[in-house]
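Peer 1: One structure follows; several queries about it will come next.
The values are calculated or read from the model by the stated rules, or taken from the named source; none is laboratory data. Note that the structure is a prediction, hence the values are computed from the model and not measured. Counting neighbours? That spans all protein chains shown, and the Cβs are built from the backbone with ideal geometry, glycine included. SASA here: full protein model, heavy atoms, side chains in, ligands and nucleic acids out. Shrake-Rupley method; radii C 1.70, N 1.55, O 1.52, S 1.80 Å.
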Amino acid sequence: MSRIRLLPEILASQVAAGEVVERPASVVKELVENSIDAGARKIEVVIRRGGISLVRVVDDGCGMDRDDALLSLERHATSKIRTAADLAAIATLGFRGEALPSIASVSRFRLTTREPEAIAGTEIIVAGGRIETVRDGGEAPGTQVEVRSIFYNLPARRKFLRSENTESRNIEHQLHLQATGHPEIAFAFVRDDRIAFQLPVAASLLERIRDLHGTGLVERLLPVEEPSASARIRIRGLIGQAGVSRHGRAQQLVFVNGRAIESPVLTAALREGYHTALMKGQFPVTFLFLDLDPSAVDVNVHPAKREVRFRDPAGVREAVVETIRKTLESGRRDWQQQFQRPVTLGAATENVAGIAIVPHPAELEPGGLPDGPGDWVNRPSLAIRPQFVEPALPSVGPGEGGGLAPAEGRIDIASAGNQFQIIGILNKLYVLMENESGLVLVDQHAAHERILFEELRRRMEEQGVPSQRLLLAQTFELAPRDAEWVERNTATLQKMGIGIEPFGQNAFKIDSLPTFLEVSDPVSFMRKVIDGLKSASNGSSPLRLGEDMIAKTVCRHAVKANDPLGYLEVEKLISDLLECDLPYCCPHGRPTMIQISLAELEKKFGRKV
Ligand code: ADP
Ligand code: MG
């Protein structure tokens, strides 16, 4: 007797649902995608109890006539592709024709739909895949899909659902993805009879992100610059400045041709693009949109269409890395501008002017500038705003009147057109400064690391890091895989000031190390470097390898947290920092400076609500 049988239609749908419908959030995803494909301008999502008891998606899209509505519930029924050629260039979010029948086979399902011009709409009720009712329904133009009691007929699947809270959060994340991908569509989300969010049509991505996440985040985002026109890939969107990061991936969004996707290739590219601007274990904030020729991406590789395959993954990766790098560096200009406008004599100075915090000239070394640790440490803290450099800026804050004589110890560093006023040092570590926007705190240790890092990187790129001969060359052996890695990267290691060469089977000789390193045991140092770099370097370029090594070793060399610095040293530190490519974070991604705006201060002091 034959053992092979065709599955009944409903069972086949339930099998397909195993892939497409993992949890209520997948239902939301499929339904919202259908609404977007239907040209909706407004989408409302209602859920109850984490979507387990109810998911309802209502749109004002094109709707369906009765025949299409019935057909839409058949497996492999779709209006979005017709031929194999269409599959190679998909422009819609859906194309598999599986979502509706799958969802309907594992829930109590109700579809009502009406085309804008039609006199009557259609209502179809399905339970566990069986159509129970088809009748006229007089709803507003558009489509409404209601999914109740998900997995009611598959107790085994139901058990895999998480808590209502977790399922709710998954749904909310899914809606964030869709809403970010489509600012031109209004969204409303109602959870357990409460409005969770309501997003009006947004004029831009920025506006949508502001509505979703607030102005605080928007202020810390950088617009992504267009790469050259010849590029076969267009990258746009917004990304967090250096130093902005999160503990999880919830705000690491990447869209490929309008589709939110998860891709190891892109995740790696984002990390590499941020590189030293990202703290270990943290994730960047990105709202990044990649537009490629549809034929350059295969979207038909994942049942829930969460992943894609690129025809040229290396090219995509490189484009993303470069775009992120350039964007981060462009962010520096904005930051620097804050230091290039004169420190206005605003509210702060107004208060201060009357109080005698100006050091009496006699407190200053006669004829000399205060320098050396003693100046910071021993003086009463108010006296550390010495009368300094060029008498004063010509510009006095507008409207302040000449009365507020600029003579009161402000420090304007003209060197690179940067203007800031050093106020003092907190806890032997944080430099307090005033700039046009308010208060700036600089972590002098982190700042020094960044400066040193960029200096060494420049040297490495230009002529290689200077190295110092070891008194005794040393030889050592490595495991075959490590040996192979060293052989492949010898040139880079040499540029980094490490004099290493093969010395027989799996053995190497090392005879010099970078001058700036103080290493007592070169061999164990080398083993550590190789370990560290090997894991960091999977697929990244030699240059980045060098950066990693500098970032990892530079720390020892940097100013220790509480080394007391003299005034001139601090001033130089700040000027050097402002000249860096990425001044606002150390090579490990920690912030070097924190700006507290006057507005924030006013809020804190209750001057402004
Ligand atoms: P797919 O989206 O892959 O085509 P679905 O099962 O999700 O498959 O939907 C089947 C078809 O039903 C779609 O191709 C579309 O024509 C129609 N449809 C589904 N949802 C809507 C909707 N909200 N508005 C209009 N038509 C829809
Ligand atoms: Mg669909």
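Peer 1: Consider D68 carefully, then state whether it is without any contact (Cβ under 8 Å) to a residue 12 or more places away in the chain and either of a type in the set (K, R) or more than 10 Å from ligand 1 (Cβ to nearest atom) (or both).
Peer 2: No: the conditions fail for D68.
Peer 1: Oh, and also: Quick one: which helices (runs of 4 or more DSSP H) sit completely within the stretch 162-274 and have at least 2 residues that are more than 21 Å from E44 (Cα to Cα)?
Peer 2: 215-218, 264-274
Peer 1: Name the residue, out of D86, D60, D37, D68, that is over 29 Å from R309 (Cα atoms), of a type outside the set (K, R) and within 16 Å of ligand 2 (Cβ to nearest atom).
Peer 2: Residue meeting the stated conditions: D68.
Peer 1: When only residues in the stretch 84-104 that are part of a loop (DSSP other than H, G, I, E, B), under 24 Å from V27 (Cβ atoms) and small (G, A, S) count, which is nearest to ligand 1 (Cβ to nearest atom)?
Peer 2: Once the filter is applied, the top-ranked residue is G94.
Peer 1: While we're on this one: Can you tell me how many residues within the stretch 284-304 are touching a residue at least 60 places away in the same chain (Cβ under 8 Å) and among the β-branched types (V, I, T)?
Peer 2: 2
Peer 1: Hey, another quick one. If I ask for residues that are within 17 Å of Q421 (Cα to Cα), open to solvent by 50 Å² or more (accessible area, probe 1.4 Å) and over 22 Å from the mean Cα position of the chain (by Cα), which ones from the stretch 577-609 would you list?
Peer 2: Residues satisfying the conditions are E579, L598.
Peer 1: Which ones in the stretch 563-576 are open to solvent by 40 Å² or more (accessible area, probe 1.4 Å) and within 27 Å of L221 (Cα to Cα)?
Peer 2: Hit for the stretch 563-576 is D576, nothing else.
Peer 1: Please list, ordered by first then second residue, the pairs with beta carbon atoms under 6 Å, 6 or more apart or interchain, first in the stretch 72-93 and closer than 20 Å to I261 by Cβ and open to solvent by 50 Å² or more (accessible area, probe 1.4 Å), second near ligand 1 (Cβ under 9 Å from one of its atoms) and of a type in the set (F, W, Y).
Peer 2: Qualifying pairs under 6 Å: K80/F95.
Peer 1: Considering only the stretch 111-132, how many residues are open to solvent by less than 60 Å² (accessible area, probe 1.4 Å) and either in contact with a helix residue (DSSP H, G or I) (Cβ under 7 Å, 6 or more places away or on another chain) or of a type in the set (V, I, T) (or both)?
Peer 2: Qualifying residue count for the region: 9.
Peer 1: Could you identify the single residue in R135, R108 that is surrounded by fewer than 21 Cβ atoms within 10 Å (Cβ to Cβ), within 25 Å of V190 (Cβ to Cβ) and away from ligand 2 (no atom under 16 Å from the Cβ)?
Peer 2: R108
Peer 1: A follow-up question, please. (1) within 34 Å of the chain's Cα centre (by Cα); (2) touching a residue at least 40 places away in the same chain (Cβ under 8 Å); (3) closer than 30 Å to L582 by Cα: which one isn't true of E455, the others all being true?
Peer 2: The number of the failed condition is (2).
Peer 1: Right, here's the next one. Are there any pairs, at least 6 apart or on different chains, whose C-beta atoms fall under 7 Å, with the first in the stretch 499-522 and over 14 Å from Q468 (Cα atoms) and the second assigned to a loop (DSSP other than H, G, I, E, B), and if so, which?
Peer 2: From residues that are over 14 Å from Q468 (Cα atoms), the pairs are N506/L478; F508/L478; K509/F503.
Peer 1: Continuing with this model, one more query. Taking G258, is it surrounded by fewer than 19 Cβ atoms within 10 Å (Cβ to Cβ) and at pLDDT 90 or above?
Peer 2: yes
Peer 1: Let me ask another. So, restricting to strands (runs of 3 or more DSSP E) that lie completely within the stretch 429-511, which ones have at least 2 residues that are under 30 Å from T592 (Cβ atoms) and open to solvent by 20 Å² or more (accessible area, probe 1.4 Å)?
Peer 2: Output list reads 430-435, 438-443, 467-477.
Peer 1: Next up: What is the number of the single condition among (1) in a loop (DSSP other than H, G, I, E, B); (2) out of contact with any helix residue (DSSP H, G or I) (no Cβ under 6 Å at 6 or more places or on another chain); (3) under 29 Å from V27 (Cβ atoms) that P303 does not meet?
Peer 2: (2)
Peer 1: Read through the list (1) under 23 Å from Y152 (Cβ atoms); (2) surrounded by fewer than 23 Cβ atoms within 10 Å (Cβ to Cβ); (3) within 11 Å of ligand 2 (Cβ to nearest atom), then give the number of the only condition that S102 fails.
Peer 2: (2)
Peer 1: Moving on to the next point. Tally up the residues in the stretch 47-71 that are surrounded by fewer than 19 Cβ atoms within 10 Å (Cβ to Cβ) and either among the β-branched types (V, I, T) or on the phi > 0 side of the Ramachandran plot (or both), please.
Peer 2: Here the count works out to 1.
Peer 1: In the set V28, V15, V45, which member is more than 11 Å from ligand 1 (Cβ to nearest atom), among the β-branched types (V, I, T) and free of Cβ contacts under 8 Å to residues at least 12 places away in the same chain?
Peer 2: V15
Peer 1: Sticking with this one: Among the candidates G50, G63, single out the residue that is part of a loop (DSSP other than H, G, I, E, B) and either within 7 Å of ligand 1 (Cβ to nearest atom) or of a type outside the set (F, W, Y) (or both).
Peer 2: G63
Peer 1: On the given criteria, is L11 in contact with a helix residue (DSSP H, G or I) (Cβ under 9 Å, 6 or more places away or on another chain) and away from ligand 2 (no atom under 16 Å from the Cβ)?
Peer 2: Spelling it out, L11 is indeed in contact with a helix residue (DSSP H, G or I) (Cβ under 9 Å, 6 or more places away or on another chain) and away from ligand 2 (no atom under 16 Å from the Cβ).
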